[in-house]
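Here is the structure we will look at.
We did not get these values from a lab; they are worked out from the coordinates using the rules stated. All figures in this text were calculated on a predicted structure; none of them were measured in a lab. Note that we place each Cβ from the backbone using ideal geometry, even for glycine, and neighbour counts take in every protein chain shown.
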Amino acid sequence: MLARVLSCAVVGLDGELVEVEIDITRAQLPAMTVVGLPDAAVQESRERVRAAIRNSGLAWPANNRITVNLAPADLRKEGPAYDLPIAVGILLASGQLAAEPADAVFLGELALTGDVRPVRGVLPMAMTAAARGMRRAFVPVENAAEAALVEGLAVYPVPSLAALAAHLNGATGLERFAGSARGEEDPFASAVTDFADIVGQEHVKRALEVAAAGGHNLVMKGPPGSGKTLLARAVPGILPPLTAAEAMEVTRIYSVAGLLPPGTGLVRSRPFRSPHHTISNAGLVGGGSVPRPGEITLAHRGVLFLDELLEFDPHVLEMLRQPLEDKSVTISRAKQAVTFPASFMLCAALNPCPCGYLGDPERPCTCPPAVVGRYQRRLSGPLMDRIDIFADVPRVPLEKLTAAARGEPSWAVRARVAAARDVQAERFAGTRTATNGEMSPAQVRDFAQGALEPAAAELLKRAVERLNLSARAFHRVLKVARTVADLAGSEQIGPAHMAESIQYRARLD
C-alpha cells in the first residue's frame, strides 16, 4: 500500500516542502530502505521509527519490504526531523490510521519510547508550509511557540507518537497551541551594563551613541583595564528595540542554528555575539558541508563584538571585508550556494601593542617599535577602511573612579538613538536601506554630500588632503557626519557635525 505525508527541509534560512512517500509490499526478506539523498541521521531513522512504533502500542508491519522516498530526490535531506512523518506514513500505509492528512505538515524527532523531541529550523519550515497552502502543522511541544508565529497555520504540539495516532484516528484530540508566541519573557534578554555605571569615558560613550544611531562600525583602542569590554557590553542597552520584521528575521536565524531554547517564541532583544579570538573561518562567517550560519549571521540586526581584535587570525579578519560592505555573505559549495544575512554593527576592542601600554602616561611600553608595527599591521588597510569610527579609551583617573556621581543612563541615550533611527527610517522609506551606515554611494551623494553647508564642505576637503583618505573612507566620513547631524536634529550637515566625524577617523598609530 502507498501513503504520502508532507514534511519540510531547511536550505540556508528557507524551508523546502518534502513529500515523504511510503510503499509497503509483502516480502520474504523484510527490509526498510530510505532513498532521496538522506544523510546519516535520516538513515538512522529506520531504527528509531521501528522502536517508536512498537513502544507506542502500535503494530510494526512485519514480513514486509518498506520503501521510504523523500522527494524531491535531488535535495539533500539531513537531520532527524523526518522521523515523525516517516512514522505517520508507515502507519497510514499499514492501515492503522483512518485517512491521509492532505493539508498537514509533520516535523519531529522520535525517541525510542515514542516521545517526540524538538528539532531545529521549525520556524522557516512552518513559514514554507503556510505559503504552500498547508493549514495544520504537527510539531514537537518545545517547537510549538516558534511555529505559532506563522499566521494562518494551526499548530498542534505533539508529545508522543501514540497521542498523534489517537488524534488522527479521532479517538482523543490534540489541543491546538493557544499560548502566546510573543510572550512576555524573552530568553535572550540579558542584563546589560548601564551607561550610568561606567565611570568617565564620556567621549567614548558619545562615539558609541553615534555608532548605535547610524549602525556604524567602531573600534576602541586603549590599555588593559580601561573599560573597553564594559563599554561594548553596554551597547545593546542603547539600541532601539527590534521591529516586528527584524524580530522575525532574528528568530528564523536562531531557529535554523538550533539556538532557540525549548518553548521560545519571538526573539525581541537585539543579538550580542562575542566570539573568542581562536574562532575559525567557518565559525565566523558560516560554512560546513551543509552551510550553517556563523557568528556574523547570528549577530544580524545586533552587535558583533570582537574583543582583542589583533589577536584574531588575520585571515579570519579578512573574511569580514565582504559582509561589512554587502551586509550579507554567500557560502558556495559544489551542489549549492546559500546566502545568509549579515547586517550587524561591528564593535571591536584592541590594545595598541602586545604589552598594551603604548601611549599610556602611567606605565611605559616595553615593546620594540618593530614589534609594535608588526602587531598593528595585523589589521589590514582595506579592513580599516571599512571601520567608520575609531575611539581612544584612555586609563580612567583615580578621582573619577572614586566619584559618587553617576553618568547619563542608557535609557536617555537610547531615546536619542531611537529618534535618530526614526529620522533615517523616514529618509530611506521604500528602500532596503535601514541606517546611515548602510547608505549606497548614490544615497551618500543625495542625503549627505548634498546636505553639506559650505563651511563643512571646505573642512571635509582639507581633511581628505591631510589625512589622505580613500574614496571609501571619504564616504564613511560623510555617513558619520550625517548621523551626527541626525542626532542634533539638523537637516543640514554643519562644520561642527563634520568636525566630529573627522576626528573619528584617527588610526591606530
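Assorted remarks:
- Compared with the alpha-carbon gap, the fully stretched path from Asp103 to Asn63 is longer by 11.3 nm at 0.36 nm per residue.
- Anisotropy class of the range 376-509 from Cα gyration tensor, a/c 1.5 cut: oblate
- Ordering 128-140, 31-43 by mean Cβ neighbour count within 10 Å, with the highest value first, yields 128-140, 31-43.
- Gyration tensor verdict on the range 195-438 (Cα atoms; rounded if a/c is under 1.5, prolate if a/b is larger than b/c, oblate otherwise): oblate
- Between the alpha-carbon centres of the range 52-129 and the range 214-275 there is a gap of 36 Å.
- Hydrodynamic radius of the chain per Kirkwood, over alpha carbon pairs, in Å: 25.6 Å
- Of Ser410, Pro394, Pro364, farthest towards positive along the dipole that unit charges on Lys, Arg, Asp, Glu beta carbons give the range 195-438: Ser410
- Count Lys and Arg as plus one, Asp and Glu as minus one, and take only other residues whose Cβ is under 9 Å from that of Gly302; the net charge is then +3.
- Filter on Lys327/Lys479; Lys205/Lys228; Lys228/Lys400; Lys327/Lys461 - keep pairs with C-alpha separation over 19 Å: Lys327/Lys461
- Maximal additional length on extending the Glu465-Ala425 stretch stands at 11.1 nm, based on 0.36 nm per residue less the C-alpha distance.
- Relative contact order (percent, whole number), the chain, Cα cutoff 8 Å, 6+ residue spacing: 13 percent
- In terms of its C-alpha gyration tensor, the range 233-366 comes out oblate, because a/c is 1.5 or above while a/b does not outweigh b/c.
- Loop-resident GluC sites (Glu not before Pro) (DSSP state other than H, G, I, E or B) in the range 361-431 with no more than 15 further Cβ atoms inside 10 Å of their Cβ: Glu362.
- Qualifying trypsin sites (Lys or Arg not before Pro) for the range 423-509 [loop in DSSP, other Cβ within 10 Å: at most 16]: Arg432, Arg507
- Taken about its Cα centre, the range 195-438 carries a charge dipole of roughly 400 debye when the Cβ of each Lys and Arg holds +1 and the Cβ of each Asp and Glu holds -1.
- Charge-dipole axis of the chain as Lys and Arg at +1 and Asp and Glu at -1 on Cβ define it, positive-most pick from Gln28, Ala129, Phe272: Gln28
- Taken as Cα centroids, the range 405-432 and the range 317-387 sit 27 Å apart, rounded to the nearest whole angstrom.
- When Met1, Met127, Met498, Met248 are sorted by how many other C-beta atoms sit within 10 angstrom of their C-beta, beginning with the fewest, the order is Met1, Met248, Met127, Met498.
- Dipole magnitude of the chain, debye to nearest 20 (Cβ charges: Lys/Arg +1, Asp/Glu -1, about Cα centre): 620 debye
- About its Cα centre, the range 2-168 has a charge dipole of approximately 460 debye under the convention of +1 per Lys or Arg Cβ and -1 per Asp or Glu Cβ, with nothing else charged.
- The stretch between Asp392 and Ala73 holds 109.2 nm of extra length on full extension. This uses 0.36 nm per residue minus the Cα-Cα distance.
- Here's the picture: a label point sits 7 Å out from the Cα of Ser380 along the beta-carbon direction, and within the range 452-471 the residues with their amide nitrogen under 18 Å of it are 470-471.
- DSSP-assigned coil residues among GluC sites (Glu not before Pro) in the range 430-509, each with at most 13 further Cβ atoms within 10 Å: Glu491
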